[in-house]
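*Asks:* Structure below; questions to follow.
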Amino acid sequence: MRNHSRVVCERPAWRLAVAALLLSGTSGCMSRVIGEGAGVVLGARGRVVDIDRPSSLSRYRSVRVESISISPGLPAPASIAGLVRNEFQRRVRDHFDLEASGSPALILTGQVIHYESDGMVDEVIGPLEEVIVRTQLRDAATGSMVGEANLIGRAKSTTSSGAANLAEGAGRALQRWLDRGGLPKRGRDRD
């Protein structure tokens, strides 16, 4: 008479070993799938690199987003300046408690100083696209510089890449920068 209990006990272990082997061979693919899924949900990331951090923006009642340009000779899509400007206007309008023509006012200008799209980097380490917008805040009445920063929109997945997503990432950076400077937030965005 055979002992079938041993065979029954070994089969689940065998299946687990095969599953582990199959998954270990696709771990790079799985991390890419997870990254792409996160890119769909989260979009491009925004990061702030202060050059001259604004001290306190709490007294200002409006922000006028004026010119956003592209550095001369920079290989970037012509649409990126308009996309960034629209995203900056949306972030200011939707997240801060400001008046359209309030006073005192800030004037925001920016220049796209770096644009990286997929290419060789994508071949070597995976998808990476980036836009850097050198952004300045000036007091509208005096023209004096209030703050300056590089606002970075970065996509690390193909699903969050492209000029529109990078502009959104730069907009997230703008929102973070103005928030840290103390610009009054709308009721739903207050802590």
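*Asks:* Among all residue pairs at least 6 apart or on different chains, which show Cβ distances below 6 Å where the first residue, located in region 65-79, is on the phi < 0 side of the Ramachandran plot and the second is assigned to a loop (DSSP other than H, G, I, E, B)?
*Replies:* Listed by first residue and then by second, the contacts come to 70/76.
Matching residues to (1) under 14 Å from residue 133 (Cα atoms); (2) at pLDDT 60 or above:
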{"position": "3", "(1), (2)": "no, no"}
{"position": "25", "(1), (2)": "no, no"}
{"position": "42", "(1), (2)": "no, no"}
{"position": "45", "(1), (2)": "yes, yes"}
{"position": "54", "(1), (2)": "no, yes"}
{"position": "60", "(1), (2)": "no, yes"}
{"position": "63", "(1), (2)": "no, yes"}
{"position": "70", "(1), (2)": "yes, yes"}
{"position": "81", "(1), (2)": "yes, yes"}
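*Asks:* Shifting gears a bit: For residue 101, all conditions in the list (1) at pLDDT below 95; (2) farther than 17 Å from residue 137 by Cα hold save one; what is the number of the exception?
*Replies:* It is condition (2) that residue 101 fails.
*Asks:* For region 119-144, name all the residues that are out of contact with any strand residue (DSSP E or B) (no Cβ under 6 Å at 6 or more places or on another chain) and modelled with pLDDT of 95 or more.
*Replies:* Listed by number, the residues that qualify are 141, 142, 143, 144.
*Asks:* Out of 117, 58, report the one residue that is surrounded by 16 or more Cβ atoms within 10 Å (Cβ to Cβ) and in contact (Cβ under 8 Å) with a residue 40 or more places away in the chain.
*Replies:* Unique residue meeting the criteria: 117.
The values are calculated or read from the model by the stated rules, or taken from the named source; none is laboratory data. Values in this document were obtained by computation on a predicted structure and should not be read as measured data. Cβ sites come from the backbone with ideal geometry, for glycine too, and all protein chains shown count toward neighbours.
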